[in-house]
1. Being open to solvent by 60 Å² or more (accessible area, probe 1.4 Å) and either free of Cβ contacts under 8 Å to residues at least 40 places away in the same chain or over 16 Å from PRO50 (Cα atoms) (or both): is that true of ALA150 here?
2. Identify, please: which residue in segment 18-44 is among the aromatic types (Phe, Trp, Tyr) and closer than 30 Å to LEU126 by Cα and is, among those, surrounded by the fewest Cβ atoms within 10 Å (Cβ to Cβ)?
3. When you go through ILE167, ILE202, ILE177, ILE209 one by one, which is the residue that is over 23 Å from LEU52 (Cβ atoms), modelled with pLDDT of 95 or more, surrounded by fewer than 24 Cβ atoms within 10 Å (Cβ to Cβ) and within 12 Å of the chain's Cα centre (by Cα)?
4. What are the pairs, 6+ residues apart or on separate chains, where a residue within segment 175-194 that is under 16 Å from SER96 (Cα atoms) has its Cβ under 6 Å from a residue that is of a type in the set (Ser, Thr, Tyr) and part of a helix (DSSP H, G or I)?
5. Report yes if some residue within segment 229-243 is open to solvent by 30 Å² or more (accessible area, probe 1.4 Å) and more than 30 Å from THR120 (Cβ to Cβ); otherwise report no.
6. Since TRP188 meets every condition but one in (1) touching a His at 6+ places or on another chain (Cβ under 6 Å); (2) open to solvent by 70 Å² or more (accessible area, probe 1.4 Å), which condition does it not meet?
7. Yes or no: THR47 β-branched (Val, Ile, Thr) and surrounded by 19 or more Cβ atoms within 10 Å (Cβ to Cβ)?
8. If you take just the helices (runs of 4 or more DSSP H) that sit entirely in segment 11-115, which of them hold at least 2 residues that are charged (D, E, K, R) and farther than 24 Å from LEU183 by Cβ?
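The values are calculated or read from the model by the stated rules, or taken from the named source; none is laboratory data. Source: prediction; values computed, not measured. Note that each Cβ is placed from the backbone with ideal geometry, even for glycine, and that neighbours are counted across all protein chains shown. Heavy atoms of the whole protein, side chains included, go into the accessibility calculation; ligands, DNA and RNA do not. Shrake-Rupley method; radii C 1.70, N 1.55, O 1.52, S 1.80 Å.
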Amino acid sequence: MTRGGDYPYYDGHPVPIEGRGWALLLASLAVGLLALSFFPPVGFPATFIPALLFLSIPLLTLFLLVGPATRALFRPVGLKELALMVAFGALTLAGSVFLAFLLTYLGALAPNPVVETMATMTNLDLAKRLAPTVPQLLGEELFGILPFLATLWLCTAKLHLGRKTAIAIALLVSALIFGAAHLPTYDWHWAQSLIGIGGARIFLTLAYIATRNLWVSTGAHILNDWTGFILTFESSHMPMGSEG
């Protein structure tokens, strides 16, 4: 457990991570993203492989740096944490819809490649598609939170900024990094990736800020994404109304 329930690593508790360590962690996130993005197309259950690589590469790197103190990212989950997962999942979904609505005024949005295939999916296909997203979304939370903590360390240890200012900067920087990682997914649509996806990332990082628990932000992320996918799947399979 970190001191006083604070964020881990950035100020030396429970163990310190210094500049080289943070650089190594950020590099491991990039390697994990490359593994996820360029793994050859495979069928289920081999679709778990890129998702597990995306998760395990930075997680193993963190363990090599801090050992058992890796647990500082993860706290126990009880009824309160489950309720917060639902609350932040709903907040993220509502925020994403609002941002998408605003972005439509800037021009057409690029479609999500997964959403485009929904009309031809069966219920079993959908289940096979959603299952590997569990480790992938936990990996996405590492991709969101480790840059947040790295920026927090940089702002406090090196730039000597106040803690609240450092948290605000870290929140913005990590959201922009997360959004930029989605640029290839959305045909390099900068506004959609940096504002839409980056904006949604802010809500998920707030779940971590509020709880210091990666399980909560991961649960919120899963609920947000799965709700969107399931609603899209259901709407794409609704029978067309008869004419006349």
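1. Details: open to solvent by 60 Å² or more (accessible area, probe 1.4 Å): no; either free of Cβ contacts under 8 Å to residues at least 40 places away in the same chain or over 16 Å from PRO50 (Cα atoms) (or both): yes.
The answer is no for ALA150.
2. By that ranking, first place goes to PHE38.
3. Sole residue among the options that is over 23 Å from LEU52 (Cβ atoms), modelled with pLDDT of 95 or more, surrounded by fewer than 24 Cβ atoms within 10 Å (Cβ to Cβ) and within 12 Å of the chain's Cα centre (by Cα): ILE202.
4. GLY179/SER193; HIS182/SER193; TYR186/SER193
5. No, segment 229-243 contains no residue that is open to solvent by 30 Å² or more (accessible area, probe 1.4 Å) and more than 30 Å from THR120 (Cβ to Cβ).
6. Going through (1) touching a His at 6+ places or on another chain (Cβ under 6 Å); (2) open to solvent by 70 Å² or more (accessible area, probe 1.4 Å) one by one, TRP188 breaks only (1).
7. no
8. Details: elements: 19-38, 48-66, 79-103.
Hits in segment 11-115: 79-103.
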